[in-house]
Amino acid sequence: MKTEERGPTEKPLGGRPPEGAGAQQEGQREVASKNAAAGETVPLPILATKLHRPPVAPDILPRARLLEQLNEGRQRPLTLISAPAGYGKSTLASRWQEACDGLGIWVSLDEDDNDLRSFLAYLLAAVQAAVPNSCHKTQALLDAPNLPPGLVLTRYLLNDLDQIDEPFILVLDDYHHIHERAVHDVLAALLDHPPRAMHLVLLTRRDPPLPISTLRARAQMTEIGAQQLRFTVAETVAFLQGILKVSVSARLAMVGSCNAGSTERTSVKLLRGTFIISPTIPSAAIAPLSISTISSIFCFFHGQDHKPHRPAPGLKPGLVSNFRAG
């Protein structure tokens, strides 16, 4: 019987390890053991997916008024987009960065970046992916066994970034994960002496411990918060018409605005009541909308916290997943 030929590192069928794999693994363990005994640590590789700008679906509602506000503030050093989860911060920033001229640089942060070396490693990797052969001096300092003082690192980073001629937008997503003072100090220095070509965008669930008041007083930042991210009546009409595929009146879109302080159950009843009395919406369009769906729509439009429920039987899966603003 003819057997299929395999390379020395391929795993045979049946889950059995290739010949010599045990010895190879044992050798790797021995090297790791020696490194650990010598006090050496193997640095984690850069996770490339954290440097990718989130794609924007073509059917996401455009937010022209917010994009215009972002464009107007591009010459300032900082844009701060601060709001709770689910308000469309990342979607808005991604859409804007995609539409802008110049370079777009993106870093998605997490708890593991609460370390100056890790934070700067991702920052430099993102910059160097967009601008090859940049930030050499800062990279050399970062590759040293012992980091120099934060002030020294920051000065080199500022000078390296200032050597970039092409305008670029640097987005730091989920900055609320960062609580390391040394990282905040680096960003504060970048904003105090901003590189000529850089525009920094921070996406966060709460305002960061940076000199925000000073930047406001100097008119050096653009702010977009939860209130601005909420749908206007016109955006609500456009969104609902996209879901229902029928004409929706402004009266329907305004129903939550008049009852912003009402409970979720009352809001659902009000919204359903408006659907029922609206002659422009046929019953066939209302039928697929469960209470949880209507609740999701209302709470998203008007900034209330909402825990998603299981969609009702027969509800189109895409309906609930499309409750995100652009």
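Read the figures in this text as sums done on the coordinates, not as results from a lab. This is a predicted model, so every value here is computed, not measured. Neighbour counts run over all protein chains shown; Cβ positions are idealised from the backbone, glycine included.
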Inset, instruction - Kindly state which helices (runs of 4 or more DSSP H) lie completely within region 73-165 and contain at least 3 residues that are under 17 Å from ILE178 (Cα atoms) and without any contact (Cβ under 8 Å) to a residue 12 or more places away in the chain. - result: none
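Listed residues HIS199, HIS179; which is crowded, with 17+ Cβ neighbours inside 10 Å, of a type outside the set (Val, Ile, Thr) and touching a residue at least 40 places away in the same chain (Cβ under 8 Å)?
Details: HIS179 fails: crowded, with 17+ Cβ neighbours inside 10 Å.
Within the list HIS199, HIS179, the selection yields HIS199.
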Legend entry - Criterion: farther than 25 Å from GLY73 by Cα, surrounded by 15 or more Cβ atoms within 10 Å (Cβ to Cβ) and more than 21 Å from the chain's Cα centre (by Cα) - qualifying residue of LEU116, LEU142: LEU142
Legend entry - Which numbered condition PRO194 misses (of (1) in contact with a helix residue (DSSP H, G or I) (Cβ under 9 Å, 6 or more places away or on another chain); (2) surrounded by fewer than 20 Cβ atoms within 10 Å (Cβ to Cβ); (3) assigned to a helix (DSSP H, G or I)): (3)
Inset, instruction - Note down all Cβ pairs under 8 Å where the first residue falls in region 211-229 and is under 13 Å from ARG76 (Cβ atoms), the second is crowded, with 16+ Cβ neighbours inside 10 Å and among the charged types (D, E, K, R), and they're at least six residues apart or on different chains. - result: ARG216/GLU223; ALA219/ARG76; GLN220/ARG76; MET221/ARG76; THR222/ARG76
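How about region 159-176: which of its residues are in contact with a strand residue (DSSP E or B) (Cβ under 9 Å, 6 or more places away or on another chain) and either among the small types (Gly, Ala, Ser) or surrounded by fewer than 15 Cβ atoms within 10 Å (Cβ to Cβ) (or both)?
Residues of region 159-176 that are in contact with a strand residue (DSSP E or B) (Cβ under 9 Å, 6 or more places away or on another chain), as a first pass: 161-162, 164, 166-176.
Hits for region 159-176 are ASP162, GLU166.
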